[in-house]
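The next block holds one structure in the form of structure tokens; read it before the comments.
The values are calculated or read from the model by the stated rules, or taken from the named source; none is laboratory data. What you see is a predicted model; the values in this text were computed from it and never measured. Don't worry about glycine lacking a Cβ; one is built from the backbone with ideal geometry, like all the others, and counts go over all protein chains shown. Side chains included, ligands, DNA and RNA excluded: accessible areas come from the protein's heavy atoms. Shrake-Rupley method; radii C 1.70, N 1.55, O 1.52, S 1.80 Å.
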Amino acid sequence: MGASGTMGALVSEALTQRGADVLRAHRGSGVDAQSGAGLAQAVVGSDVVVDCLNITTQSAAKAKAFFGTAATNIAGAAEQAGARVVCLSICNAADPAVNRRMGYYQGKAAQEAAYAQRLGDRCTLVRTTQWFELAQTMTDQLSAGPVALMPHMVTAPLAASDGAAAIVDEVLEPSGRHAIEVRGPQEMDLVDVARAIRSAHGKGGWLIPIRFGGAALRNGALIPAHADVVTTTTLDQWLAASN
């Protein structure tokens, strides 16, 4: 589910490379998890449903409606098919201290709650820290001419491809756990990640750090206390590979 997005595309490709039979479901293929259109038919015969759905919003109401409804619908379809679910989530997004001013994270919390209520241990959450790609996306979205804004977010960022690998491992070699916490190898502020990306891409102008989302995002609350997986790709390695 969400196979056309950044993580969904990476997971789909990695699963295919490892020999899995993958149905890439997204609205463009006629599957709408929020409305339920095409969902039951897509899931028939599945062993595992992978939820990599995404929505671009900071509205708590929109995020909770989207993620909560989609998770409930997917859980119902998975139950009928006898499939388990592996769902992409975000480390500590369900913590009220983290999501209090982050509507998107409140949506992820609603998603986790919906799966827990409907599926229990038949759903595994693969929670990752923020991706290097997020810093690039956010500065692109918050740019005007030579000026770009970037919120302070102290985390342990990782390459999205490493997050995808952790999801694929859980799909093909289930741990039986409720949640897997995945973080990158270095703790840093996404402001510094954004600066490094802009420098590597030869972008001039000014990057202005801003305070957004509350103090928890700036004091390391996005970093899991006990990570199950620590990925190995550093920012420098990711930049070298992406140039």
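Given 0.36 nm per residue, what is the gain on full extension from M188 to R122 after removing their alpha carbon distance, in nm? Numbers along the way, then the final one.
Details: separation 66, 0.36 × 66 = 23.76 nm, distance 3.40 nm.
Length gained between M188 and R122: 20.4 nm.
Solvent-accessible area per residue in the chain equals 45 Å², computed with a 1.4 angstrom probe and all protein chains kept. Potential lengthening of the chain between A215 and A144 amounts to 23.0 nm, from the contour at 0.36 nm per residue minus the alpha-carbon distance. In a fully extended conformation the segment linking T57 and D32 would gain 7.2 nm over its present Cα-Cα distance, using 0.36 nm per residue. Across the stretch 88-100, rounded Karplus estimates of 3J(HN,Hα) from the backbone phi angles (6.51 cos²θ - 1.76 cosθ + 1.60, θ = phi - 60°) give 6, 9, 10, 4, 6, 5, 7, 6, x, 5, 7, 9, 3 Hz, Gly and Pro being marked x.
The trypsin sites (Lys or Arg not before Pro) found in the stretch 143-198 that occupy coil by DSSP, while having at most 14 further C-beta atoms within 10 Å, are R177. Based on Cα contacts under 8 Å between residues 6+ apart, the chain shows a relative contact order of 20 percent.
In summary, the aspartates and glutamates within cross-link reach of K64, defined as a Cα separation below 18 angstrom excluding same-chain residues under 8 places away, comprise D32, D51, D95, E112. Each residue of the stretch 126-143 was assigned a 3J(HN,Hα) from its phi angle through the Karplus curve 6.51 cos²θ - 1.76 cosθ + 1.60 (θ = phi - 60°); the sequence is 9, 8, 10, 6, 5, 8, 3, 4, 5, 4, 5, 4, 5, 5, 5, 6, 9, 10 Hz, with glycine and proline shown as x. Descending by average beta-carbon neighbour count within 10 Å, the peptides 21-32, 89-100 line up as 89-100, 21-32, the highest first. The trypsin sites (Lys or Arg not before Pro) of the stretch 55-99 include none that meets both criteria, a DSSP state outside H, G, I, E and B (loop) and at most 12 other C-beta atoms within 10 angstrom of the site's C-beta. Residues whose amide H falls under 5 Å from that of V86, counting only those 5 or more places apart or on a different chain, are V49, V50, D51, T124, with hydrogens built in the peptide plane.
Of the accessible area of the chain, computed with a 1.4 Å probe over protein heavy atoms only, carbon and sulfur atoms account for 51 percent.
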